[in-house]
């Protein structure tokens, strides 16, 4: 039985008449009555247990009757499940829930923000085209109308419904511009709201027929242009285009110039000399220095000799490189430095 229901017990003695009856619950007398029936209810959870009776007439008392067990428990709470793929949806997307009950004897009612949803009593709730007004906290209850019993509310599922589709954000892992043939750039398309998105890529407004959240490009001249992306999910939902990113791709390598200061061909011991490595375009360069083809420790765009020695004489060169992720590099021409030990 469930709390709130009532039950009647009958105590029967086959012989004679004029009996009074005593009623017991778990061995404790509840009442004495001349009626051979007793109504118990509305029951609570404490009403569970063994019920017995005995009959008496004057000094005569019968034995206790055989016990009758009564089990009082709360109605089984239904289980709410979100069947549609997402709890964050956009207008016109589908919302679908199920309410699982313990047997076919139960019917259900549906509730949003604890308010009854009219005309919905099936085991599934289908909203074919969601509206903003459909957002909220959903639950269901189970009922047995012929017994007047209702369960507690199920677990809840909170749904957000947005009236505006998000705009994807397009980013790139390297901000260098221009880039060169053979370098690799990775573009990333992101939607910050909800999940389940598939991504589609466009160049100069034309569909590239490529999918995935990231697009990796090993650059050729044909890859230069304006890139954008869109996000889709299901059959009804498609965002507008993202922001555009321009890829400038060039052939060859950037021009690297090595300058000496002072620029005299012949320098003397004790002189202060500096070299500067200039790249005519783009950014993100790492600098590598060489003297007579041997690497130097300098890593900035300059190399300094604080006090020249004759051993500093030689052929100087710089190289610029960057990881994209393969190494792309370009070198300057050689600059000859001669240090005269006599001043």
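Note on the stretch 72-95: residues that are loosely packed, with under 15 Cβ neighbours inside 10 Å, under 30 Å from residue 239 (Cβ atoms) and more than 19 Å from the chain's Cα centre (by Cα) total 1. Can you tell me which residue is nearest to residue 211 (Cα to Cα) among those in the stretch 233-245 that are at pLDDT below 95 and in a strand (DSSP E or B)? Of everything passing the filter in the stretch 233-245, 233 is nearest to residue 211 (Cα to Cα).
Would you check if residue 185 is in contact with a helix residue (DSSP H, G or I) (Cβ under 6 Å, 6 or more places away or on another chain) and part of a strand (DSSP E or B)? Can you show your working first?
Working: in contact with a helix residue (DSSP H, G or I) (Cβ under 6 Å, 6 or more places away or on another chain): no; part of a strand (DSSP E or B): yes.
No, not satisfied.
Only a single criterion out of (1) surrounded by 14 or more Cβ atoms within 10 Å (Cβ to Cβ); (2) in a loop (DSSP other than H, G, I, E, B) is not satisfied by residue 267, namely (2).
Residue 207 - would you say it is at pLDDT 95 or above, part of a strand (DSSP E or B) and more than 17 Å from residue 89 (Cβ to Cβ)?
Values: at pLDDT 95 or above: yes; part of a strand (DSSP E or B): yes; more than 17 Å from residue 89 (Cβ to Cβ): yes.
Answer is yes for this residue.
Of all residues in the stretch 49-71, those satisfying the criterion of being closer than 12 Å to residue 25 by Cβ and either surrounded by fewer than 16 Cβ atoms within 10 Å (Cβ to Cβ) or under 60 Å from the mean Cα position of the chain (by Cα) (or both) are 49, 50, 51, 52, 67, 68, 69, 70.
Take residue 131 and tell me if it is more than 23 Å from residue 3 (Cα to Cα) and free of Cβ contacts under 8 Å to residues at least 40 places away in the same chain.
No.
Each residue in the stretch 223-264 was checked for being loosely packed, with under 12 Cβ neighbours inside 10 Å and either touching a residue at least 12 places away in the same chain (Cβ under 8 Å) or within 24 Å of the chain's Cα centre (by Cα) (or both), and 6 pass.
The values are calculated or read from the model by the stated rules, or taken from the named source; none is laboratory data. Note that the structure is a prediction, hence the values are computed from the model and not measured. Please note: Cβ atoms are built from the backbone with ideal geometry, for glycine as well, and neighbour counts cover all protein chains shown.
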